[in-house]
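Read the structure below first, then the notes.
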Amino acid sequence: MTFAKLLTLGGLAAALGTGVPLLAQSGSAAMLGALTKGEWTVRFRDGQPDRKICVRSGQELVQLRHTARNCSRFVVEDAGSQVTVQYTCPSDGYGRTSIRRETAALVQIESQGIAGELPFQLTAEARRTGSCR
């Protein structure tokens, strides 16, 4: 079955109320809100220097390559311990980030996209390391 047919069948099933889940959803990425607030250290697996982030909502971990605040976001998956968010930043690029929660103070991050007209791909571990300064 082709992807286009799957989309058509999924949309039809959703419209008819048959309980077939949609392929994507908009939402709040609730798992991120359950992370422990405070200072987190992001350790990139490619050898980049560690980065400290003050986590207030968990959303700060979604856009590690884009600092713009005017980005639009779409929650693709919000399944208990994992969330995937796709975002677009006007004139700065876009990305897709998956965050998997191991504990409320430890997550695994994978992200890829385009930033400053260049492609990027990253994997990292983020851990709560203290209070925000």
Residues of segment 49-79 that turn out to be out of contact with any helix residue (DSSP H, G or I) (no Cβ under 8 Å at 6 or more places or on another chain), polar (S, T, N, Q) and in contact (Cβ under 8 Å) with a residue 12 or more places away in the chain, as a count: 3
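Restricted to segment 59-86, and to residues that are among the small types (G, A, S) and over 19 Å from K37 (Cα atoms), which residue is surrounded by the most Cβ atoms within 10 Å (Cβ to Cβ)?
A68
Taking segment 67-121 as the region of interest, how many residues are small (G, A, S) and on the phi < 0 side of the Ramachandran plot?
10
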Segments classed as strands (runs of 3 or more DSSP E), wholly inside segment 33-101, with at least 3 members that are under 18 Å from A126 (Cα atoms): 38-44, 51-55, 82-89
Within segment 87-124, tally of residues that are surrounded by 15 or more Cβ atoms within 10 Å (Cβ to Cβ) and touching a residue at least 60 places away in the same chain (Cβ under 8 Å): 7
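A short reminder: the numbers here are calculations on the coordinates, not readings from a lab. Since this is a predicted model, take the numbers as computed values, not measurements. Cβ: placed from backbone, ideal geometry, glycine included. Neighbour counts: every protein chain shown.
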